[in-house]
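Novice: Provided herewith is a single structure, encoded as structure tokens, for subsequent inquiry.
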Amino acid sequence: MMKKRLVSILLTVAMCMGLAVPAVAVEIRPEAQKENVTITECDILGKTAVMEQHIVDREIDYVKITCGTEIAERIGNEIFLNGEKVATIVELEERNIDAQNIEPRTGWLDVENCPYGTKSEYNKLYSSQYRNLALEKKISELTVEGLSYILMTYCGVAGVCLRIAQEIISVAVDSKYEEYKTLYLYERIYSHKTLGQFYRMVDLDYYFDKNYTEFACNDYFYRVWA
């Protein structure tokens, strides 16, 4: 049973790291056979990135992403880039609509493309979550690449993180948002209308203000029960 669970975790991380750009190759290293640790390798925009995830009590407890000279880490809810603290994830209100059917986070495989049916068929709200991403620097001081690494420490779908980073910085350039140091995330998980126990869609809305009125961008990805 442990071997099956470990294989499932490895497949989860490998699929989550897929980018919506050319030349993406994923390799599972031999070290990944260690219990509660997964290590995956991929090419991101011509650079090789290695993601290491530590799982404690079936939850991701520590994440490390190495890409060239850049090293991003998440320790608990704190995010570090090259040893410097750059952000803190603040969990706010969470609402489980379907509280009778809650599975562990590591049981789901995150993918960019719709794995079953069409997007419109994911219309049953399963849960919602508000989060703040409190940055140590102003948005204007971040690069797309740097913000992508920050986002990837808690959302492993690299292509989604890259698009979100591009949109946020694009909107913020030459506006009042350049001076802002917090991003506000509203996450909603929808179940497939008939096979919701196996297929979900995660819809992400980012805002620049705590009242969730100054919209930044939206993106989404899918989850398959593994």
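The values are calculated or read from the model by the stated rules, or taken from the named source; none is laboratory data. Worth saying up front: this structure is predicted, and the values here are computed from it rather than measured. Methodologically, a virtual Cβ is constructed for each residue, glycine included, from the backbone with ideal geometry; neighbour enumeration extends over all protein chains shown. Protein only, heavy atoms only, side chains kept; ligands, DNA and RNA dropped before computing areas. Shrake-Rupley method; radii C 1.70, N 1.55, O 1.52, S 1.80 Å.
Novice: State whether the residues of region 158-169 include one that is among the small types (Gly, Ala, Ser), in contact with a Cys (Cβ under 9 Å, 6 or more places away or on another chain) and open to solvent by less than 10 Å² (accessible area, probe 1.4 Å).
Specialist: Going through region 158-169, the residues among the small types (Gly, Ala, Ser) turn out to be 158-159, 165.
Now restrict to residues that are in contact with a Cys (Cβ under 9 Å, 6 or more places away or on another chain): 158.
From the residues that got through so far, the ones that are open to solvent by less than 10 Å² (accessible area, probe 1.4 Å) too are 158.
Yes, that holds for at least one residue.
Novice: Right, here's the next one. Output yes when any residue across region 41-54 is outside any strand (DSSP E or B), under 13 Å from Ser148 (Cα atoms), open to solvent by 40 Å² or more (accessible area, probe 1.4 Å) and out of contact with any Pro (no Cβ under 6 Å at 6 or more places or on another chain), and no when none is.
Specialist: Yes, there is a match, as at least one residue in region 41-54 is outside any strand (DSSP E or B), under 13 Å from Ser148 (Cα atoms), open to solvent by 40 Å² or more (accessible area, probe 1.4 Å) and out of contact with any Pro (no Cβ under 6 Å at 6 or more places or on another chain).
Novice: Considering only region 178-194, how many residues are among the hydrophobic types (A, V, I, L, M, F, W, C) and either open to solvent by 10 Å² or more (accessible area, probe 1.4 Å) or over 21 Å from Ser128 (Cβ atoms) (or both)? Talk me through it step by step, then tell me what you get.
Specialist: We begin by selecting, within region 178-194, every residue among the hydrophobic types (A, V, I, L, M, F, W, C); these are 183, 185, 189.
With either open to solvent by 10 Å² or more (accessible area, probe 1.4 Å) or over 21 Å from Ser128 (Cβ atoms) (or both) added as a condition, the list becomes 189.
Going through region 178-194 one residue at a time, the tally reaches 1.
Novice: Being in contact with a strand residue (DSSP E or B) (Cβ under 9 Å, 6 or more places away or on another chain) and part of a strand (DSSP E or B) is true for just one of Tyr154, Tyr126, Tyr177, Tyr149. Which residue is that?
Specialist: Selected residue: Tyr126, the only one of Tyr154, Tyr126, Tyr177, Tyr149 that is in contact with a strand residue (DSSP E or B) (Cβ under 9 Å, 6 or more places away or on another chain) and part of a strand (DSSP E or B).
Novice: Being open to solvent by 50 Å² or more (accessible area, probe 1.4 Å), part of a strand (DSSP E or B) and either in contact (Cβ under 8 Å) with a residue 60 or more places away in the chain or over 19 Å from Glu121 (Cβ atoms) (or both) is the filter here; which residues of region 203-226 pass it?
Specialist: Hits for region 203-226 are Phe215, Tyr220, Trp225.
Novice: Can you tell me which of (1) surrounded by fewer than 18 Cβ atoms within 10 Å (Cβ to Cβ); (2) in contact (Cβ under 8 Å) with a residue 24 or more places away in the chain is the one Ser175 doesn't meet?
Specialist: Only one criterion is unmet by Ser175, namely (2).
Novice: Here's another thing I want to ask about it. Would you confirm, using the coordinates I've provided, whether Arg200 is touching a residue at least 12 places away in the same chain (Cβ under 8 Å), assigned to a strand (DSSP E or B) and surrounded by fewer than 19 Cβ atoms within 10 Å (Cβ to Cβ)?
Specialist: Against the criterion (touching a residue at least 12 places away in the same chain (Cβ under 8 Å), assigned to a strand (DSSP E or B) and surrounded by fewer than 19 Cβ atoms within 10 Å (Cβ to Cβ)), Arg200 does not qualify.
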